[in-house]
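Nothing in this text is a laboratory measurement; each read-out follows from the coordinates by a stated rule. All of these numbers come straight from a predicted model, not from anything done at the bench.
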Amino acid sequence: MKNTKTLDVTFDAQSVMAAVEAAHDAGLLCETCTRKLDASDSISQSDFCPECQAVITSQLAVEAESRLMKALIRMGLSPDAVQIVSD
């Protein structure tokens, strides 16, 4: 029997910047967005192309899964009993 639970995970500016930096450092951003990021002190989500926005969202999803896994284990579930799926 599977129990399901829906959780909302929010990110602060520092977490988002960490995801942007991870994507940048891994070379996952396109050349145009990389130049914008390197040349700017401040950048918003709309400054990134759709493909790079998707990359950053993917980085955030990895972080969210890690947070959820840790929280569920702290709640007493064994790591083998936890499966995180995305809609």
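Compactness of the chain, taken as the C-alpha radius of gyration over 2.2 N^0.38 Å, stands at 1.32.
Once the chain from Ile73 to Lys36 is taken as fully extended at 0.36 nm per residue, the excess over their C-alpha distance is 9.4 nm. Rounded to the nearest Hz, the phi-derived 3J(HN,Hα) couplings of the stretch 56-72 under the Karplus curve 6.51 cos²θ - 1.76 cosθ + 1.60 (θ = phi - 60°) are 5, 4, 5, 4, 5, 5, 4, 5, 4, 4, 5, 4, 5, 4, 4, 5, 5, where x marks glycine and proline.
Only helices enter this figure: runs of n ≥ 4 DSSP H residues, each worth -39500 (n - 2.57), summed and divided by the residues of the chain, yield -18000 deg cm²/dmol at 222 nm to the nearest 500.
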